1. Take the protein assembly as shown, drop everything but the C-alpha atoms, weight them equally and run the Debye formula without solvent; then report log10 I(q)/I(0) at 0.07, 0.08, 0.09, 0.14 Å⁻¹ to two decimals.
2. If we count every other residue with Cβ under 14 angstrom of B:Pro40's Cβ, Lys/Arg +1 and Asp/Glu -1, where does the sum land?
3. Give me a single rounded figure for B:88-94: the average over its residues of other chain Cβ atoms within 10 Å of their Cβ.
4. Can you list the residues of region A:53-82 whose accessible area drops by at least 30 Å² going from the chain on its own to the full set of protein chains, with a 1.4 Å probe?
5. Averaged over its residues, how many other protein chain Cβ atoms are within 10 Å of peptide A:36-49's Cβ atoms?
6. What is region A:31-153 by shape, rounded, prolate or oblate, if you read a ≥ b ≥ c off the alpha carbon gyration tensor as root eigenvalues and call it rounded for a/c under 1.5, prolate for a/b larger than b/c, and oblate otherwise?
7. With every protein chain present, what is the per residue accessible area of region B:1-82 (1.4 Å probe, Å²)?
8. Counting Lys and Arg as +1 and Asp and Glu as -1, each charge on the Cβ, what is the dipole of the protein assembly as shown about the Cα centre in debye, to the nearest 20?
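The values are calculated or read from the model by the stated rules, or taken from the named source; none is laboratory data. These numbers come from a predicted model, not from an experiment. So basically every Cβ, Gly included, is an ideal-geometry build from the backbone, and we count neighbours across all protein chains shown. All accessible areas refer to the heavy atoms of the entire protein, side chains included, with ligands and DNA or RNA removed. Shrake-Rupley method; radii C 1.70, N 1.55, O 1.52, S 1.80 Å.
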Number of protein chains: 2
Amino acid sequence: MSAFHPDPAFQAGSVFAVDWPLCHVRLQDDARFPWLILIPRVSGATEIEQLSAADRAVLMDEIVRAGAVVRALGEAAGRPIDKLNVAALGNVTAQLHVHVVGRRRDDPLWPDPVWGRGGGEPHQPEELPGVIRRIETLSHREEGDVSEPAPRS
Amino acid sequence: MSAFHPDPAFQAGSVFAVDWPLCHVRLQDDARFPWLILIPRVSGATEIEQLSAADRAVLMDEIVRAGAVVRALGEAAGRPIDKLNVAALGNVTAQLHVHVVGRRRDDPLWPDPVWGRGGGEPHQPEELPGVIRRIETLSHREEGDVSEPAPRS
């Protein structure tokens, strides 16, 4: 089996943010939505059914974790999230990936889905490093919430 | 906690097919795609994060099972599936539900998503009972595939 590489097509609209236990996590470069893309580091996978049961369980955990990060990004921007949209499509880029998008009732595409609607609004280049750092910080926080036992008093 | 009921909005475009361990399973009444809707029977849930870890695991199993049913429906119609689309959106009907849609490169909406694109093409009324029976039969087969140990020789 060859090594995992994210499909080069992801470089066009998203930037690498952080590695989680299963997934290579990217930020979609669209300032309209807090939007993460989870790409399981499983070479050749295009469908959830191709993951082992163990990897599927981790994927489910990381989807929930991504939702918490997306909600926190929305809060930090003063735009709390009304609904999470979670989707594994892959009609354009077949490599298995899961979108986790924070939606608001006043966002520009509500209530339609965000895919197949043309170009997004890239972040200001000087904003991106700050957003990435926030995702890294939130990742540790959410990891703690999910996998560490509560500290004893 | 009140009893689970599927949101009445689902009655407009889909029909009840079968109950699985976690989900109330519906067939989207759109003859263009084999398309199931999984609604966890958890009253009040609108997001995956609100499910217990145990229910999330079952939901993942049932998503994979729905994919196998959708693929089998496509095969039976002589139209094998090229790609599964799996999504939990809920912008219009908030009750937690997961779409599992079989897509083909020659389907009318490829490569766009199927949501937010206006009306579908309802099945012929006389066709529906046969499709539902096939889903029931496939459900038993896929349940066996997933949860029963292989017979020993």
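1. -0.27, -0.35, -0.45, -1.12
2. -3
3. Working: counts 8, 11, 6, 11, 4, 1, 2.
Neighbouring Cβ atoms belonging to other protein chains average 6 per residue here.
4. Buried by the other chains: A:Arg56, A:Met60, A:Val64, A:Arg71.
5. On the way: counts 0, 0, 0, 0, 0, 0, 0, 0, 0, 0, 3, 7, 7, 7.
Mean inter-chain Cβ contacts per residue within 10 Å come to 2.
6. Cα axes put region A:31-153 in the oblate bin.
7. Averaged over the residues of region B:1-82, the accessible area is 41 Å².
8. Dipole size: approximately 40 debye.
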